[in-house]
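Trainee: Structure provided below as structure tokens; questions to follow.
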Amino acid sequence: MKKFRKVLDGLTTSSPANPGGSPACGSAAGTPSTAPTPRELEIQETLMSEHFQICKTVRHGVPYQPTALAFDPVQKILAIGSRSGGVRLLGRPGVDCHCQHESGAAVLQLQFLINEGALVTACADDTLHLWNLRQRRPAILHSLKFNRERITFCHLPFQSKWLYVGTERGNTHIVNIESFILSGYVIMWNKALEFCNTHPYLCFHYLLFFCFESGTIVMWDLRAKRTDFRIYYDEAIHSASWHHEGRQFMCSHSDGSLSMWNLRNTAKPFQVTFPHGGRKELFKPILKVEYKTSRNSSEAFVVFSGGLSYDKAGRRPTLTIMHGKAITVLEMDYPIVDFLVLCETPYINEVQEPYAVVVLLEKDFVVVDLTQSNFPIFENPYPMDIHESPVTCTAYFADCPPDIIPVLYSIGAKHKKTGYSHKEWPVSGGTWTVGSQTYPEIIITGHADGSIKFWDATAITLQMLYKLKTSKVFEKPKSGDVGRSAELVEEDPYAVQMISWCPQSRILCVVGISAHVILYRFSKHDAMDLMDQLLLYCEMEDVISPSDTENTPSFSDPSGHSPQPQPPSPRSNTPDSMRDSIPCLKVKDRMIRMPPGYQAELVVQLLWVDGEPPQQITSLDLNSAYGLLALGNCNGLTVVDYLQKTILLCMSTLELYGSADPFQRLTRSPRKNRQSTSGTHAPCVSESHECSNAVCFFVTKLKLSLPTDLKTDLGTVENSFSRSRSSSVSSIDRETKEAVTTLQFAESYGHKSDTLPTPCLWVGTSLGLVLIIPMSIPTDEQERLEDPVTVAPTGTVLMLKGSILRIGFLDCGGALINSPYEVWRDQHAPDHPDRPRKRKLVNFSPSSSQEASGDGHLAVVCSERQAKVFFMPSQACLYVHNITESSFVLRADVVSVCNSVCLACFCANGHIMTLSLPSLRPLLDVNYLPLTDMRIARTFCFTNGGQALYLCSPTEIQRITYSQEMCDNLQEMLGELFTPIETPEAQNRGFLKGFFGGNAQTFDREELFGEAAAGKASRSLAQHIPGQGGMEGMKAAAGGVVGELARARIALDERGQRLGELEERTALMMTSAETFSKHAHELMLKCKDKKWYQF
């Protein structure tokens, strides 16, 4: 427990901890600040560095660029490999684990050790890994690195300890799964056949079946070490599948055909079919086929991908299911990567009884029900549609009101798709229970098509609650009107850029990339209403500094053309003039039906000026208690009263300073022939554009590129963050591109002389300046709807280095001050005479705790390089911390952690940092995530409870925690991947018993592959690498029931080993005793008749 004391009396505006030479804190004039009466500020800080640790919690979404698929039919666990080296393990809802190979090599193939709690992965760097799944965080037990050959295929028979590994040279190596070392037994196909890409599929009594890409099929006798038979076919083979009796097999070929073979006659296939046409057509190759039998039907299931005719252009990828003479073609939205037919039995020599098909697509994952004739798909319990439209922004809310999730779910359930299978989800392995320390969490994602999705993120799960389409507010663009938004956004004119949501009042505000803002209210009832629309139009004069008065450069647009001396008049018919005074999108101007849920109430749009599209909105804040909405861009600030549907303030950034401008900038018009007024406020233009109000905003020809700009090319991130972020830039760049970067409504002090807090708007700019704008809001509900709200900029300026990112407030006891809000009320609910609908406000004014902490409060301001804590109303700077010098902060937030408050920052160099409040002591600094993609910067966000998230790939959301407490509890929150299940017994196979696999003793003979018979493999061929998840690691990491079982199993193994050693010693002692007894008996017989004196 540490106390920080700072004497406020006599503090001046200059900060002693400001080595950078930036302007001093305090008033714009630099006069000494008037502190309150002399006293000491005592704040007890409880957060220490031990309270913080970075770790990943869970990943949501379909794996990006998937490559492989595997399923454990006993444990019912599914594994998906990806090109980035990730492995996703899925079971019942809540059982979801992500593993990552450190090398990052693509996963080529996955093989479960069925019902053993282990998984083998084959990667593109020619390494095999054995994963231990008997713990909540899987770990690698062993690795085997091949040095001279490239791995192409692996096969592990059920209940076998020998893994067959095919290589690019055509060789087949055998790996002992228990020790993970190579056997000396090698099948050298590269000398016998000069073919490559061997695919071992099934193993007989002593026979191994191979398929080569070139069309060769080989049956190898393991005991005799020779070929049993060889088949040559004139079409390339992509896959093969056996009938369960082992007498027939089916192959898929590159010409779109399926061939059936019988072991009695291997000279030619006894049947060749083209499922989708005749021989005269050209077909795409059938990449994979599975041949499964069913007990209830004499007809087998044949499932394959591909095989369609080349003539049918534009046809989507298909999965074909053949059952007897019936052929069903299922079209998929994305290309098929792999598929598996799920069967009731793990034994390949029994009737398979297929019940589902798991289809892995490039950007999706679906399961088809085979038990119903129409083959419906199962409703996916995992959030695999996050990327349905590309995610453009995210918002994360922890500890939400408990009633908001059921309400959103009930509304969203009415719009869910139908036609799903009524059976239970087949991937049902593992166990998961909701942890004791859970609270409501909601994630909101904005998408490129203008849709917004609400997700229930409680207890590390993710389930979609509600989907909102913002594009329904606008008219569908006609063919001739598309050009209006084409210059601003080439595609996706409805893309969501920012989201502001008040969970308590359920008011949602959405910023679109076409310079529009939509305000939504939540209602449980239908409504027929006309949306209000505000159009913002004005032209701002350019700005120069006094040093530029001699040499006055002419401003130019981004294309490099200088301004024309005569701008086109509004009445001219030029293309540019036709775009003037119109928004990028047209709002529906008729009565529309709004279903229950979020209903649009107000649309604010920026207009075109002089043929230039409006600048994108860079900041937004909403306060339901005040009934106000503030938005800003690189030209100025606008405050909207959404209760009265009016504009309260519409000013350029320069006008907000007034005479307190720290840079002493002047104004001038860029057009020489235009006569401008001596003031800085340009004339407003009010026109009727089929809306209730037409007001002003600021549009210039200068365009600003910010980290939040969605127009940035995501593929060229290296250049995005290589630009200089120095505060000492040139005067032109510095003073003409001052964007409003952050906005925050709060109960604060607009002047140093204020004694009571009033509603204020804090404005942060890209030049590191913070302005405070006090407001006068009527308190009576009726007066609030009729009387105007007064907004008066005071010129109060606070200064930091770098663009302002976040503003937060603490009381004098160090507790976080939340913004006031209005309690939700349904405006479309039927009127009740006994309970009139009145506004109920909840205010967190710092004056409510005056007795405990005195007058005033603390303001925490964080910029791209610096963080400062100010005392209000004196505006004295108490603490300063330079966060980074070599990089800059991308995201910052004041969050609650462990019943205290801290400042969390994410930097462009990948560092995640936390600072104590108010002292700004560094508590955590971890190089966690190197910024390799603009997507991460755009979607990274912090929330309370020590959590954060970001979009780690275009299809996946990664959630992390920086709280030590949550890291400690994470083991309890995660699901168990492995549950003890007894392996089903094999059926009585009659005369086939012992012929077609299923029993490890019949074909996995130690005398064939063991060291005694086959010898040791060459050390240069492969290198064994022990993993961190070995036996000792498993003992330490395993937890819960599974951990106890694993430890018991280890103890039994060790006990068995000790008993074996004891038995051997006992046997040696018995042998020794028998020898001794024999020698004693012989000695007795020899000395039996001798007298005592004969010895």
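The values are calculated or read from the model by the stated rules, or taken from the named source; none is laboratory data. Nothing here was measured: the structure is a model prediction, and the numbers come from that model. FYI the Cβ positions are ideal-geometry reconstructions off the backbone, even for glycines, and counts take in every protein chain you see. These area figures cover heavy atoms from the full protein model, side chains too; ligands, DNA and RNA do not enter into them. Shrake-Rupley method; radii C 1.70, N 1.55, O 1.52, S 1.80 Å.
Trainee: Any residue at all in region 335-357 that is over 20 Å from Phe158 (Cβ atoms), touching a residue at least 12 places away in the same chain (Cβ under 8 Å), part of a loop (DSSP other than H, G, I, E, B) and open to solvent by 40 Å² or more (accessible area, probe 1.4 Å)?
Mentor: yes
Trainee: Being of a type in the set (Ser, Thr, Tyr) and open to solvent by 30 Å² or more (accessible area, probe 1.4 Å) is the filter here, so list the residues in region 44-60 that pass it. Break it down stepwise before answering.
Mentor: Just the residues of region 44-60 that are of a type in the set (Ser, Thr, Tyr), to begin with: 46, 49, 57.
Selection gives Thr46, Ser49.
Trainee: Here's a follow-up. Which residue pairs have Cβ atoms under 6 Å apart, sit 6 or more places apart or on different chains, and have a first residue in region 762-791 that is more than 16 Å from Gly658 (Cα to Cα) and a second that is among the aromatic types (Phe, Trp, Tyr) and outside any helix (DSSP H, G or I)?
Mentor: Filtered contacts from region 762-791: Ile777/Tyr626.
Trainee: So how many residues does region 902-924 have that are assigned to a strand (DSSP E or B) and open to solvent by 10 Å² or more (accessible area, probe 1.4 Å)?
Mentor: Residues that pass the stated criteria total 5.
Trainee: Answer yes if at least one residue in region 64-77 is closer than 30 Å to Cys905 by Cβ and in contact with a Ser or Thr (Cβ under 8 Å, 6 or more places away or on another chain), and no otherwise.
Mentor: There is at least one residue in region 64-77 that is closer than 30 Å to Cys905 by Cβ and in contact with a Ser or Thr (Cβ under 8 Å, 6 or more places away or on another chain).
Trainee: Yes or no: region 826-838 includes at least one residue that is of a type in the set (Asp, Glu), open to solvent by 10 Å² or more (accessible area, probe 1.4 Å) and either more than 30 Å from Ile507 (Cβ to Cβ) or modelled with pLDDT of 95 or more (or both).
Mentor: No, there is no match, as no residue in region 826-838 is of a type in the set (Asp, Glu), open to solvent by 10 Å² or more (accessible area, probe 1.4 Å) and either more than 30 Å from Ile507 (Cβ to Cβ) or modelled with pLDDT of 95 or more (or both).
Trainee: Moving on to the next point. Which one of His155, His101, His129, His142 is of a type outside the set (Gly, Ala, Ser) and over 25 Å from Val359 (Cα atoms)?
Mentor: Result: His142 is the single residue among His155, His101, His129, His142 that is of a type outside the set (Gly, Ala, Ser) and over 25 Å from Val359 (Cα atoms).
Trainee: Consider Ser294 carefully, then state whether it is closer than 25 Å to Gly324 by Cβ, within 47 Å of the chain's Cα centre (by Cα), surrounded by 14 or more Cβ atoms within 10 Å (Cβ to Cβ) and small (Gly, Ala, Ser).
Mentor: It is true that Ser294 is closer than 25 Å to Gly324 by Cβ, within 47 Å of the chain's Cα centre (by Cα), surrounded by 14 or more Cβ atoms within 10 Å (Cβ to Cβ) and small (Gly, Ala, Ser).
Trainee: Tell me, yes or no, whether region 240-262 has at least one residue that is modelled with pLDDT of 85 or more and farther than 23 Å from His323 by Cα.
Mentor: No, the conditions are met nowhere in region 240-262.
Trainee: If you take just the strands (runs of 3 or more DSSP E) that sit entirely in region 358-456, which of them hold at least 3 residues that are in contact with a strand residue (DSSP E or B) (Cβ under 8 Å, 6 or more places away or on another chain) and within 30 Å of Thr318 (Cβ to Cβ)?
Mentor: Working: elements: 365-369, 391-398, 441-447, 451-456.
The strands (runs of 3 or more DSSP E) meeting that bar are 365-369.
Trainee: Moving to a separate point now. Are there any strands (runs of 3 or more DSSP E) wholly within region 97-191 with 1 or more residues that are under 27 Å from Thr227 (Cα atoms) and of a type in the set (Ser, Thr, Tyr), and if so which?
Mentor: So the answer is 151-155, 162-167, 172-176, 181-187.
Trainee: From the residues in region 389-448 that are touching a residue at least 40 places away in the same chain (Cβ under 8 Å) and of a type in the set (Lys, Arg), which one is farthest from Arg136 (Cα to Cα)?
Mentor: Filtering region 389-448 for residues that are touching a residue at least 40 places away in the same chain (Cβ under 8 Å) and of a type in the set (Lys, Arg), the one farthest from Arg136 (Cα to Cα) comes out as Lys414.
Trainee: Given the condition out of contact with any strand residue (DSSP E or B) (no Cβ under 9 Å at 6 or more places or on another chain) and in contact (Cβ under 8 Å) with a residue 12 or more places away in the chain, answer yes or no: does some residue in region 239-261 qualify?
Mentor: no
Trainee: Which strands (runs of 3 or more DSSP E) does region 732-817 wholly contain that include 3 or more residues that are surrounded by fewer than 23 Cβ atoms within 10 Å (Cβ to Cβ) and of a type in the set (Asp, Glu)?
Mentor: none
Trainee: Considering each of Glu299, Glu281, Glu235 in turn, give the residue that is part of a strand (DSSP E or B), of a type in the set (D, E, K, R) and free of Cβ contacts under 8 Å to residues at least 60 places away in the same chain.
Mentor: Glu299
Trainee: Taking region 157-175 as the region of interest, how many residues are farther than 24 Å from Phe71 by Cβ and under 37 Å from the mean Cα position of the chain (by Cα)?
Mentor: The total comes to 2.
Trainee: Does Thr667 qualify as being in a loop (DSSP other than H, G, I, E, B) and modelled with pLDDT under 90?
Mentor: Criteria not met by Thr667.
Trainee: With Ser514, Ser505 as the choices, which residue is outside any strand (DSSP E or B), closer than 17 Å to Leu607 by Cβ and either modelled with pLDDT of 95 or more or not aromatic (Phe, Trp, Tyr) (or both)?
Mentor: Just a single option satisfies the conditions, and that option is Ser514.
Trainee: Another question, if that's okay. When residues of region 930-949 are filtered for being touching a Ser or Thr at 6+ places or on another chain (Cβ under 6 Å), crowded, with 22+ Cβ neighbours inside 10 Å and under 16 Å from Ile444 (Cα atoms), how many remain?
Mentor: Qualifying residue count for the region: 2.
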